[in-house]
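S.K.: Here it is, the structure in full.
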Amino acid sequence: MTPTPKTVLYIRVSTAEQTSEHQLAQAREAGFHIEDQHVIADHGVSGVSTQLKERDQGRRLYDLLQPGDTLLVRWVDRLGRDYEDVKQVIETFNKRGVAVCTVINGMRFEADYKLSDPTQKASRNAILGFMAALAEADATAKKEARRAGIAHAKASADAARKYRGKKPSFDRQTFDAVQSMLEKKAHTVSAIARETNLSRQAVLRIRDEPEAAEAALERWGM
């Protein structure tokens with residue numbers, strides 16, 4: 001008896017916003033009928049560095065899907081790391097008689113055995129190449145945006161540190177202790193330096209420029 005063709009939804013969840021429940025609901029709202037047992041999800045997997053066949057659940061698809069079945073994904077970028085990877089995965093399933101469909105835009109890459117006309121195959125392959133290239137471009141843009149964000153954060157942090165000036169060699173408690181000993185006039189600068197483990201220059205700064213020393217502590221939150 002020939003098994004009834006099934007639709008298998010593959011979900012790759014890489015962020016907190018991309019829950020498997022959300023992607024399943026989105027697929028059903030788009031009109032796809034999916035049984036709960038036919039939802040395959042990989043969690044915390046990077047699509048940039050890990051091929052589908054190397055993912056824990058992604059490997060199951062190669063055994064689970066049979067000719068006549070449909071592999072459903074939110075978008076083609078769920079299936080691979082880059083243009084060549086996505087293209088190879090879809091072509092592999094198409095040759096096995098499995099159609100690949102996307103929830104977004106309802107793109108469908110039909111199985112080879114259903115495309116007897118060479119023109120149909122050429123059209124499918126052209127669309128596949130275009131969609132996969134878009135996925136790769138999007139992934140590259142996101143990667144560059146992350147790099148730019150990191151660079152901006154580092155630059156801002158460096159600027160903030162430069163604006164605050166050099167970090168004081170003394171904390172608030174030591175600053176107060178030095179001021180107290182200076183007021184009593186019972187210790188020399190060298191003696192105060194030895195007592196507080198500060199340099200003579202630091203003690204002199206607290207003595208001669210107390211407002212500047214106080215401001216430095218405030219800038220550094222000390």
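S.K.: Name the residue, out of ARG200, ARG124, ARG74, whose mean-square fluctuation peaks in a Gaussian network model built on the chain with Cα pairs under 10 Å.
M.R.: ARG200
S.K.: Compute, for region 7-138, the length of the dipole vector about the Cα centre, with Cβ point charges of +1 (Lys, Arg) and -1 (Asp, Glu) only. Units Debye, rounded to 20.
M.R.: 300 debye
S.K.: Next question, about the same structure. Can you compute the helix-only [θ] at 222 nm over the chain? Use -39500 (n - 2.57) per DSSP H run of at least 4 residues, normalise by all residues, nearest 500 deg cm²/dmol.
M.R.: So the calculated ellipticity at 222 nm is -17000 deg cm²/dmol.
S.K.: Counting Lys and Arg as +1 and Asp and Glu as -1, what is the net charge of the other residues whose Cβ lies under 14 Å from the Cβ of PRO210?
M.R.: Here the charged neighbours net out to -4.
S.K.: For the charge dipole of region 101-222, defined by +1 on Lys and Arg C-beta atoms and -1 on Asp and Glu C-beta atoms about the Cα centroid, which residue among HIS152, GLN173, ALA133 has the Cα displaced farthest towards the positive pole?
M.R.: GLN173
S.K.: Give me the Å³ per residue figure for the convex hull around the C-alpha atoms of the chain.
M.R.: Each residue corresponds to 180 Å³ of Cα convex hull volume.
S.K.: Also, I was wondering about something else. Determine Rg/Rh for region 38-124; Rg is computed over alpha-carbon atoms and Rh is the Kirkwood hydrodynamic estimate from the same atoms.
M.R.: Reported Rg/Rh, Kirkwood definition of Rh: 0.96.
S.K.: Can you give me the relative contact order of the chain as a percent, contacts being Cα pairs under 8 Å and 6 or more apart?
M.R.: RCO, the chain: 14 percent.
S.K.: For region 171-222 and region 25-104, write down the distance between their C-alpha centroids in whole Å.
M.R.: Taking the Cα centre of region 25-104 as reference, the centre of region 171-222 is 67 Å away.
S.K.: For the chain, take the longest principal axis of its alpha carbons; what is the angle in degrees between that and the long axis of helix 172-184, to the nearest 10 within 0 to 90?
M.R.: Result, in degrees: 10.
S.K.: Let me ask another. Rank these for me by crowding, ILE34, ILE11, ILE206, going from fewest to most other beta carbons within 10 Å.
M.R.: The fewest-first ordering by Cβ neighbours comes to ILE34, ILE11, ILE206.
S.K.: Put one equal scatterer on each alpha carbon of region 172-219, apply the Debye formula with no solvent term, and list log10 I(q)/I(0) at q = 0.13, 0.19, 0.24, 0.25 1/Å to two decimals.
M.R.: Listed by q, the Debye log ratios stand at -0.24, -0.51, -0.82, -0.89.
S.K.: Could you derive backbone 3J(HN,Hα) for region 65-73 from the dihedral phi with the Karplus parameters 6.51, -1.76 and 1.60 (θ = phi - 60°), listing whole Hz in sequence and x where the residue is Gly or Pro?
M.R.: In residue order, the calculated couplings are 7, 10, x, x, 7, 10, 9, 10, 9 Hz.
Bear in mind these aren't lab numbers, they're just calculated from the coordinates by the rules spelled out. It should be emphasised that the depicted structure is a prediction, and the values quoted were computed from it without experimental measurement. Counting neighbours? That spans all protein chains shown, and the Cβs are built from the backbone with ideal geometry, glycine included.
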